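Contents: one structure, followed by commentary.
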Amino acid sequence: MTAEEWGIILLSLKVSGVAVLATMPLAFGLAWLLARGRFPGKLLLDALVHLPLVLPPVVTGWLLLIAFGNNGPMGRWLTDWFGVSLMFRWTGAALAAAVMALPLMVRAMRLSIEAVDRRLEGAARTLGASPARVFLSITLPLATPGLLAGAVLGFARSIGEFGATITFVSNIPGETRTIPLAIYGALQIPGNETVVTRLAIIAVLLSLGALLASELLARRAGYGKGGHVL
Amino acid sequence: MSFEIAVERQLGDAHVALTLSSAAGLTALFGPSGAGKSSVLNMVAGLLRPDRGRIIVAGETLFDSAARIDLLPDRRRAGYVFQDGRLFPHRRVRDNLLYGWRLAAPDHRWMTLDEAVDFLGIAHLLARWPRTLSGGEAQRVAIGRALLSGPRFLLMDEPLASLDMARRDDIMQVIERVRDELALPILYVSHDRAEVDRLASTIVTLAPDSIG
């Protein structure tokens with residue numbers, strides 16, 4: 001494998017890793033709200049979270065462009081306050097990957113929170129635990145395998161992200177050219193079959209490994225009661 | 001008076017209402033399933049809020065709707081033993097036993113881990129995971145966990161229901177020793193007449209939709 005191909009793989013791992021790590025708190029918060037919350041508009045929030053799953057990715061990318069582009073409200077705010085622009089940057093690719101991974105992460109995390117037996121939480125309360133301690137000592141440890149499964153699943157989805165990324169931050173070598181974008185680029189030029197094959201094999205292996213890891217974690221969740229990813 | 005309870009609570013179509021006052025020893029709430037016995041225990045533990053009423057245990061008011069008193073479950077010092085044990089599956093027996101003990105104020109503790117382990121004969125179980133325990137073993141650990149949290153009284157919800165006959169007698173002897181040697185007020189729920197006759201000093205019958 002060439003240095004350029006290694007660079008593409010490392011960029012993919014960086015973009016996906018940052019996307020998932022940065023999204024974890026938000027995904028957990030949303031999963032918690034959807035699993036435990038009772039509030040008006042819950043159905044709408046549920047639908048909004050799942051929207052990137054069914055929307056054409058090019059539309060998601062376009063919406064990101066409108067919001068986070070240099071003239072978009074969020075883009076201008078980021079530039080004014082932090083001097084940061086996401087346009088044509090790997091951070092923008094991470095944002096696109098995060099938006100596309102969010103629904104899958106929230107789904108898996110929500111299942112793992114719902115699988116926690118709330119009667120155990122009641123038992124802990126009678127034993128003298130405050131609500132915060134119940135969360136930290138009972139709910140969170142029991143949900144953790146499922147939360148990790150959600151993160152790994154989100155990582156797998158991020159590795160494969162294409163449409164929203166190329167729409168939002170284009171296909172720039174060393175900056176936004178992740179594995180799928182590099183494969184697409186290589187396919188535009190005849191004679192690149194070996195590069196395409198190598199990158200495709202890497203993509204299959206990364207995705208398969210992440211899915212298997214995610215499923216194994218989900219099986220541990222809830223100690224026998226956990227939901228399935230696959 | 002050990003337990004002075006007058007509570008009402010509407011749960012869907014069912015109306016749970018109960019008035020009782022009992023002296024020391026084991027007070028049994030007796031009645032068929034669906035009569036709201038477990039709901040009464042949950043109200044005493046603070047896990048279910050009565051619509052109105054008053055709960056006083058051993059002189060301390062835990063709930064009084066008129067006086068707007070409603071102690072949080074973690075302040076009531078109830079030792080709750082559930083029908084299914086309800087042990088924490090991600091903690092070994094030893095850490096289950098110590099869960100409430102570690103949270104209790106030092107001057108509220110009245111039993112050490114060693115004493116509880118001797119009392120219940122569970123020394124050989126300490127390193128085990130809850131899912132490897134038999135029903136009777138799990139129930140002993142659950143009783144130990146409740147005792148170690150430094151409770152002022154015990155709530156027992158059909159602690160024998162999921163056990164076979166041999167184990168039932170075994171756990172019944174443990175409960176008799178808790179009642180006699182530790183002299184804790186116990187509120188005990190069962191639908192088994194023989195069990196209640198053997199263990200209880202006061203029997204209160206709760207019928208479905210009963211108006212206490």
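Every number here is computed from the coordinates shown, using simple stated rules; none is lab data. Everything numeric in this text was worked out from a predicted model, so none of it was measured. As a convention, Cβ positions derive from the backbone with ideal geometry for all residues, glycine included, and neighbour counts pool all protein chains shown.
Listing for the model above:
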item	result
Descending semi-axes in whole angstrom, ellipsoid equivalent of the range B:113-196, from the Cα gyration tensor	19, 17, 11
Average partner coverage of A:140-153, which counts Cβ from other chains inside 10 Å	1
3J(HN,Hα) from dihedral phi, the range B:166-179, Karplus parametrisation 6.51/-1.76/1.60, rounded to Hz, x for glycine, proline	4, 5, 4, 4, 4, 5, 4, 5, 4, 5, 4, 5, 4, 4
Chain B: most fluctuating residue of B:Ala166, B:Ala123, B:Ala58 per GNM, C-alpha cutoff 10 Å	B:Ala166
nm² value of the averaged projected area, convex hull over the Cα atoms of the range A:126-207	7.8
Cα convex hull volume per residue for the range B:1-99 (Å³)	128
Cβ neighbours within 10 Å from other chains - mean over A:127-139	5
The range A:179-202 versus the range A:102-119: alpha-carbon centroid distance in Å	37
Peptides B:74-87, A:43-56 ordered by average Cβ neighbours within 10 Å, highest first	B:74-87, A:43-56
Cβ-defined net charge surrounding B:Ser190, 13 Å radius [Lys, Arg +1; Asp, Glu -1]	-1
Kirkwood Rh in Å, taken over the range A:1-107 so that all alpha-carbon pairs contribute	15.3
Taking the C-alpha atoms of the range A:51-101, convex hull volume expressed per residue in Å³	69
Max mean-square fluctuation residue, GNM over chain A, Cα-Cα springs under 10 Å, options A:Leu104, A:Leu120, A:Leu140	A:Leu120
Pairwise Cα inverse-distance average, inverted: Kirkwood Rh of the range A:49-180 (Å)	16.7
Span-like helix ranges in chain A, DSSP H, alpha carbon extent 24 angstrom or more, Kyte mean at least 0.0	A:3-36, A:90-114, A:140-159, A:193-220
Fluctuation leader among A:Pro173, A:Pro131, A:Pro57 - chain A, Gaussian network, Cα springs under 10 angstrom	A:Pro131
Gap separating the Cα centres of the range B:88-118 and the range B:12-58, nearest whole Å	27
The range B:25-83, Cα convex hull volume normalised per residue, Å³	100
Semi-axis lengths (Å, descending) of the ellipsoid that matches the C-alpha gyration tensor of chain A	35, 22, 14
Part-to-part distance (alpha-carbon centres) for the range B:137-187 and the range A:127-161, which is given in Å	34
Bins of 5 Å from zero: percent of alpha-carbon pairs in the range B:79-158	3, 18, 30, 27, 17, 5, 1
Sites matching chymotrypsin sites (Phe, Trp or Tyr not before Pro) across the range B:105-185 that sit in DSSP coil, with at most 15 neighbouring C-beta atoms within 10 Å	B:Trp110
Hz values of 3J(HN,Hα) by residue in the range B:136-148 - Karplus curve (6.51, -1.76, 1.60), Gly and Pro given as x	x, 5, 4, 5, 4, 5, 4, 5, x, 4, 5, 5, 6
P(r) weight above 29 Å for the protein assembly as shown, C-alpha pairs, percent	58
Rounded D (µm²/s) - chain B, Kirkwood Rh over Cα pairs, Stokes-Einstein at 20 °C, 1.002 mPa s	123
For B:72-82, mean number of other protein chain Cβ atoms within 10 Å	5
For the protein assembly as shown, calculated [θ]222 nm from helices alone, where every DSSP H run of n ≥ 4 adds -39500 (n - 2.57)	-17000 deg cm²/dmol
FRET efficiency, A:Leu44 to A:Glu5 (Cβ-Cβ, R0 56 Å, nearest 0.05)	0.80
